[in-house]
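Since the structure comes first, as structure tokens, the remarks are kept for the end.
Only the coordinates and a few stated rules stand behind these numbers; no lab work does. Values in this document were obtained by computation on a predicted structure and should not be read as measured data. Neighbour counts run over all protein chains shown; Cβ positions are idealised from the backbone, glycine included.
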Amino acid sequence: MTMPQMRPAPALANPATGSANPAASLQSLWNYVAPAAAHLMQAPTNNPGKAPALDVGYHMGIHTAVYNYFTVPRPGGAPAGADFYELLDGWFGEVARDTLLGLPEDDSERLVQYLVPCFQRYQSGAGAVSRLLNYTNRQYVKRAIDEDRGWLRLADVIDDVAEAVRNKESHAKLAGRLRARRDGELMRWGWNGNASDTDSITKAEAAAEAGAPPDRVVPLAALAQRRFRIE
């Protein structure tokens, strides 16, 4: 069973918002962003490896709305963008479930024929959504990783830290231990061990992020792939 051939969707135009401010609340932001996200991930296309286009004005409007929403002070010092990130996580799960609804149950060959283009379409759309909402990666995700909430945390290497403390190792030695642990994890996810092969490192880290537990904060493209894996 293969995905039917369809005419590609035209570029999605910027919807009229009148005097409404898309950045006024989480719901108003999502109401503005959701049609674009759905278009990128679910609109018909003849090439599952390429997401359909957005109107340039709509793209810029979303970037501006997300920026404005993230820069509004939050009561109690809540991390800017955490609510938007969690909303996206749930939405990626919904899209993944919708994508998998048509899976054939009993025929492994038909399953592969259906699943491969479905995943390609989902992945290309997720990449497009990640680029569209890259301010979320730059502001919320990066900060979460800096705060030890990413795919590899200090708690994961606590044994190395404890041994370094017992041995009264220098900060440089401890840093070396942590790098070695991270390198070992990346090799588990496909890195070839060549430090100059940045492409291999990037792919391995993306795989590690997508394979991380649900409580770990990861970039949006990996967030979508993790949801596909879980669902």
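Give, in whole angstrom and from largest to smallest, the semi-axes √(5λ) of the equivalent ellipsoid of the chain, with λ running over the eigenvalues of the Cα gyration tensor.
35, 26, 14
Could you work out, for segment 152-210, what percent of all Cα-Cα pairs fall into each 5 Å distance bin, beginning at 0 Å and stopping at the bin that holds the largest distance?
Final binned percentages: 4, 20, 25, 19, 15, 12, 5, 0.
Work through the residues other than Val141 whose Cβ is under 12 Å from its Cβ and net out their charges, Lys, Arg +1 and Asp, Glu -1.
For residues surrounding Val141, the net value is +1.
Measuring from label point to label point, each 7 Å out along Cα→Cβ, what is the Ile158 to His171 span in nm?
Simple spin-label model gives 2.4 nm for this pair.
How large, in Å, is segment 110-177 by the Kirkwood hydrodynamic radius built from its alpha-carbon pairs?
15.6 Å
Taking the alpha-carbon distance from Lys142 and a cut-off under 29 Å, which lysines remain once sequence neighbours fewer than 8 residues away in the same chain are dropped?
Lys50, Lys173, Lys203
Given an 8 Å cut-off on Cα distances and at least 6 residues of separation, report the relative contact order of the chain as a percent.
22 percent
With the crude spin-label approximation of a point 7 Å out along Cα→Cβ, what separation in nm comes out for Val56 versus Ala24?
3.0 nm
Could you work out how much longer the chain between Phe119 and Arg149 gets when fully extended? Use 0.36 nm per residue separation minus the Cα distance between them, nm to one decimal.
This chain segment gains 8.1 nm when fully extended.
If I fit a long axis through the Cα atoms of helix 26-42 and take the longest principal axis of the Cα atoms of the chain, what angle between them do I get, 0 to 90°, rounded to 10?
Relative to the chain, helix 26-42 is tipped by roughly 80 degrees.
In segment 69-128, which GluC sites (Glu not before Pro) are in a loop and have at most 13 other Cβ atoms within 10 Å, using DSSP for the loop call?
Passing both the DSSP loop test and the Cβ count: Glu105.
Given +1 on the Cβ of Lys and Arg, -1 on the Cβ of Asp and Glu, and no further charges, what dipole in debye does the chain carry about its Cα centre, rounded to the nearest 20?
In debye, rounded to 20, the chain gives about 540.
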